[in-house]
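First comes the structure, then the notes that go with it.
The values are calculated or read from the model by the stated rules, or taken from the named source; none is laboratory data. Please read these numbers as outputs of a predicted model, since none were measured by experiment. We place every Cβ from the backbone using ideal geometry, glycine too, and count neighbours over all the protein chains shown.
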Amino acid sequence: MVKRVIGWAVLVTVAGVGPAFAQGPKVEVSGNVGWTFSDGVEGDARLAADGNIYDRIDPKDSNSYNFTFGVLAQEHYEFGFLYGRQNSTLVISGTNDRDIGDFAVSNYHGYFAYNFGEAESPIRPFVLIGFGATSSGSVDFTSAFGNGTIDGNTKFSTTWSGGVKFYFSKNFGVKAAARWTPTYIKTDEAGWWCDPFWGCYVVGDAQYANQFELTGGVTVRF
């Protein structure tokens, strides 16, 4: 699954590269580090062997990093690929909080960005939207009943970002950005809805795992 999504994201990037090279290409690469605030999803309440009731599972907030590779098409448009990673710990909660084990959350997104201002401006705000996948790694755990592993999974996700680039020269600068990545996990039945035209049907409550990332780093154009 993740290989197909990465391939699709790279295809989106390449599709944007063609017009850019035809007009004189400019490539921009950045590396960024920061902190990610994460939340997971709720589930049915379960009584565990330790006597507590658990009904929620979340990644812990933790450090993260990402890399972007983009091609600047014309003065404002940028097509690229983003890889991000958060090293976290899976936690279940309810009447008590309990760490399950360490795991990683990886993002793979082909993106389109719009850079405001002139190409040679020393300060350029930007907005970004990307489509791809979020992959949660497997989790090794130890319990009173023995050891085990929770398998990882990969889900479709989008990513949304905005920030500012500060250039000290034509080729080198720094970047500060905020990024939100919602990942669809499941839909719970929320009840029935009735209207006079379509009749009655079950409606759902979609649940998303969210990552809110704040980062800063360096950016290089060539």
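Within the range 50-68, how many residues turn out to be surrounded by fewer than 16 Cβ atoms within 10 Å (Cβ to Cβ) and more than 14 Å from the chain's Cα centre (by Cα)?
Number of matching residues: 6.
Keeping to the range 32-49, report how many residues are surrounded by fewer than 15 Cβ atoms within 10 Å (Cβ to Cβ), in contact (Cβ under 8 Å) with a residue 12 or more places away in the chain and farther than 18 Å from Leu90 by Cα.
Count: 2.
So in the range 107-154, with the set limited to residues that are of a type in the set (Val, Ile, Thr) and surrounded by 13 or more Cβ atoms within 10 Å (Cβ to Cβ), which one is farthest from Ala73 (Cα to Cα)?
Among residues in the range 107-154 that are of a type in the set (Val, Ile, Thr) and surrounded by 13 or more Cβ atoms within 10 Å (Cβ to Cβ), the one farthest from Ala73 (Cα to Cα) is Ile150.
Going residue by residue through the range 153-163, is there one that turns out to be at pLDDT below 90 and not β-branched (Val, Ile, Thr)?
Looking through the range 153-163, none of the residues is at pLDDT below 90 and not β-branched (Val, Ile, Thr).
Got a sec? Which of Asp97, Asp44, Asp61, Asp39 is modelled with pLDDT of 95 or more and either β-branched (Val, Ile, Thr) or out of contact with any Leu (no Cβ under 8 Å at 6 or more places or on another chain) (or both)?
Asp61
(1) touching a residue at least 12 places away in the same chain (Cβ under 8 Å); (2) closer than 30 Å to Asn171 by Cβ; (3) surrounded by fewer than 17 Cβ atoms within 10 Å (Cβ to Cβ): which one isn't true of Ser93, the others all being true?
Going through the list (1) touching a residue at least 12 places away in the same chain (Cβ under 8 Å); (2) closer than 30 Å to Asn171 by Cβ; (3) surrounded by fewer than 17 Cβ atoms within 10 Å (Cβ to Cβ), Ser93 breaks only (2).
In the range 1-31, which residues are surrounded by 18 or more Cβ atoms within 10 Å (Cβ to Cβ) and at pLDDT below 50?
Hits for the range 1-31 are Val5, Ile6, Ala9, Val12, Thr13, Gly16, Ala20.
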